[in-house]
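K.L.:
Please read through the structure below; I'll follow up with questions.
The values are calculated or read from the model by the stated rules, or taken from the named source; none is laboratory data. Predicted model only: the values in this text are computed from it and were never measured. Positions of Cβ are generated from backbone atoms using ideal geometry, with glycine treated the same way; all protein chains shown enter the neighbour counts.
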Amino acid sequence: MQTCPYCKEKIYSNALVCRYCKRDLPDMATIEGRSNNWIPALIASALIVTGTAFFAYGFFKERQDWLDRE
Ligand SMILES: [Zn+2]
């Protein structure tokens, strides 16, 4: 839910037209919602990629040490 910038009534956050004053709402909420959705997704995937890279690096380093010892 969000508040209509014109009449201050509570409306659905994905509403394009206010149901009380029938005004077109600025697309900000939609854009913001979209950007808020993709930023954590991007951070999460970046962390997964970084984590996997570190894990793979650690694994291969460990294996290399193992091979060197023998
Ligand atoms: Zn309104």
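K.L.:
Six or more apart or on different chains, Cβ under 9 Å: which pairs go from a residue in the stretch 10-22 that's among the aromatic types (F, W, Y) to one that's surrounded by 13 or more Cβ atoms within 10 Å (Cβ to Cβ) and not in a loop (DSSP other than H, G, I, E, B)? Could you list them?
P.N.:
Going by the 9 Å Cβ cut-off, the qualifying pairs are Y12/Q2; Y20/I11.
K.L.:
List the number of the failed condition for Q64; all other conditions in (1) in a helix (DSSP H, G or I); (2) at pLDDT 90 or above hold.
P.N.:
Looking at each condition in turn, Q64 falls short on (2).
K.L.:
Only one of (1) among the aliphatic types (A, V, I, L, M); (2) modelled with pLDDT under 90; (3) near the ligand (Cβ under 10 Å from one of its atoms) fails for V17. Which number is that?
P.N.:
The single condition V17 does not satisfy is (2).
K.L.:
With the structure loaded, tell me whether T3 is at negative phi and at pLDDT 95 or above or whether it fails that test.
P.N.:
Here the answer is no, as T3 does not meet what is asked.
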